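Accompanying notes for the structure given below.
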Amino acid sequence: MSETAAESRWYVVHTYSGYENKVKANIEKLVENRGMQDQILEVLVPVMDETEIKNGQKKTVSRQVFPGYVLLNMFMNDETWYVVRNTRGVTSFVGPGSKPVPLTEHEMKYMGVRPPEERIDLTVGESVKIIDGPFGNSIGIVKEINMNKRMIVVSLSFFGRETPVELDFTQVQRIE
């Protein structure tokens, strides 16, 4: 497909109450099983951290911002519509009739949805050079990439032991 991330849009699906995280997991599993990572880019259940005080103890809890709704960053086509619409727990796309309507830039900003995330040109198992921070100029191997946190786990060898180090995307570069 010649589509780019700039052409993907955010859509909202309505779910059974209390099934938001289950729907998110189901869609992510379907995307993985069907190899649709390039069509359904992100599934999001917006949450907000709140501090609760119970019995004199502070506790941070995550509350859903829009109970009963899940946000999807995707390319709308017959296949993606079918996969999402027929996911267990999804009742409908938000929009008139059966026609999904993408969120506007203003709505996305209001809902706290960030712009499309940046891509990183690294893969797990690849050698990288750390270019910033206390491990600067060290060479390591990518063990994990976390797009949501914008973090990368690199395995470095210290005194004959492999040590995982969590770094920001901007702290590493591919070894050419």
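Observations, loosely collected:
- Members of region 59-84 found to be charged (D, E, K, R) and within 18 Å of E32 (Cβ to Cβ), listed by number: E79
- Cross-chain or 6+ apart pairs with Cβ under 6 Å, region 38-66 first and polar (S, T, N, Q), then surrounded by 11 or more Cβ atoms within 10 Å (Cβ to Cβ): Q39/F75; Q39/T80; S62/V47; Q64/V47
- Only listed residue being acidic (D, E) and crowded, with 17+ Cβ neighbours inside 10 Å, chosen from E52, E42: E42
- Screening N146 on (1) exposed (fewer than 13 other Cβ atoms within 10 Å of the Cβ); (2) in contact with a helix residue (DSSP H, G or I) (Cβ under 9 Å, 6 or more places away or on another chain) shows it passes everything except condition (2).
- Those residues of region 5-25 which are among the aliphatic types (A, V, I, L, M) and in a loop (DSSP other than H, G, I, E, B), in sequence order: none
- Taken together, V70, V84, V90 contain a single residue that is farther than 16 Å from S17 by Cα, at pLDDT 90 or above and surrounded by 18 or more Cβ atoms within 10 Å (Cβ to Cβ), which is V84.
- Any chance G97 is modelled with pLDDT of 85 or more and of a type outside the set (K, R): no
- Selection of strands (runs of 3 or more DSSP E) fully inside region 131-176 by the criterion of at least 3 residues being at pLDDT 85 or above, within 22 Å of the chain's Cα centre (by Cα) and outside the structural domain of E42 (by TED's automatic domain parsing) returns 139-146, 151-158, 161-168.
- Pairs where the first residue, in region 114-130, is modelled with pLDDT under 65 and the second is not in a loop (DSSP other than H, G, I, E, B), C-beta under 6 Å, 6+ apart: P116/A5
The values are calculated or read from the model by the stated rules, or taken from the named source; none is laboratory data. As the structure is a prediction and not an experimental result, all values here were calculated from the model. Cβ sites come from the backbone with ideal geometry, for glycine too, and all protein chains shown count toward neighbours.
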